[in-house]
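The values are calculated or read from the model by the stated rules, or taken from the named source; none is laboratory data. The structure presented is a predicted model; accordingly, all values stated were derived computationally and were not measured. Ideal geometry is used to build each Cβ from the backbone, glycine not excepted, and the neighbour counts take in all protein chains shown.
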Amino acid sequence: MQGFASRIAGLLLLAVACLSLSAATAQPRRETPYWASIASGQAMMRTGPGRNYPGTWLYVRPDLPIRVLEIYQSWRKIQDPDGTTGWMQVSLLSDTRSALVIGTSNQPMHEKPDGNSAVRFFAEPGVVGRLTDCGAQFCRFEVGSRRGYISINTLYGLDPGETF
């Protein structure tokens with residue numbers, strides 16, 4: 001009976017090891033730095049890659065664009081729009097591309113990716129929206145139900161010359 005129990009225990013350990021390996025390979029390693037956004041309504045930045053490290057900031061702004069600087073297991077070292085760096089669990093982040101309107105004045109959101117097209121809305125500095133269809137000069141910017149094209153020069157959340 002002990003031999004049977006030992007074999008079952010060994011098979012269970014093997015199964016757990018296989019599941020651990022498949023979970024690790026399910027998250028492909030990305031080249032850093034890269035852009036991401038905060039997925040959660042509450043996301044804690046910590047001083048190190050683990051829950052045992054002290055929290056430094058509690059973010060309560062979903063879709064806030066962040067820059068991922070380093071990867072360590074299920075933790076990401078990030079930089080926020082103010083330049084603050086720290087560690088956050090990957091489960092609190094999203095690959096959804098977003099941006100933050102920067103500058104000191106409201107920025108026009110155009111009907112088309114052309115500065116001469118009609119202005120649909122204005123976005124205030126500090127507004128966060130989702131990015132899609134980014135060209136050389138404009139990105140499609142979605143803020144709730146409002147959509148328009150905004151100049152890439154007025155956004156934090158993408159690299160110079162980046163298109164997608």
**Study point:** Meets criteria (within 19 Å of the chain's Cα centre (by Cα) and among the charged types (D, E, K, R)) for R130
**Key:** yes
Review point. Does F164 satisfy the criteria of being aromatic (F, W, Y), free of Cβ contacts under 8 Å to residues at least 60 places away in the same chain and not assigned by TED's automatic domain parsing to the domain that holds Y59?
Key: no
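Residue check: is I66 surrounded by 19 or more Cβ atoms within 10 Å (Cβ to Cβ), in contact with an Asp or Glu (Cβ under 6 Å, 6 or more places away or on another chain) and either charged (D, E, K, R) or in a strand (DSSP E or B) (or both)? Quick ask: steps written out before the conclusion?
Details: surrounded by 19 or more Cβ atoms within 10 Å (Cβ to Cβ): yes; in contact with an Asp or Glu (Cβ under 6 Å, 6 or more places away or on another chain): yes; either charged (D, E, K, R) or in a strand (DSSP E or B) (or both): yes.
Criteria met by I66.
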Study note, to complete from the structure: When (1) closer than 20 Å to F122 by Cβ; (2) free of Cβ contacts under 8 Å to residues at least 24 places away in the same chain; (3) crowded, with 16+ Cβ neighbours inside 10 Å are applied to L100, the one that fails is (2)
Study note, to complete from the structure: The condition of being over 30 Å from G55 (Cα atoms) and either among the aromatic types (F, W, Y) or at pLDDT below 95 (or both) holds, among D133, D114, only for D133
Review point. Of all residues in region 30-46 being assigned to a strand (DSSP E or B) and under 10 Å from the mean Cα position of the chain (by Cα), which is surrounded by the fewest Cβ atoms within 10 Å (Cβ to Cβ)?
Key: Y34
Review point. Across region 50-63, which residue is surrounded by the fewest Cβ atoms within 10 Å (Cβ to Cβ) among those that are of a type outside the set (S, T, Y) and part of a loop (DSSP other than H, G, I, E, B)?
Key: N52
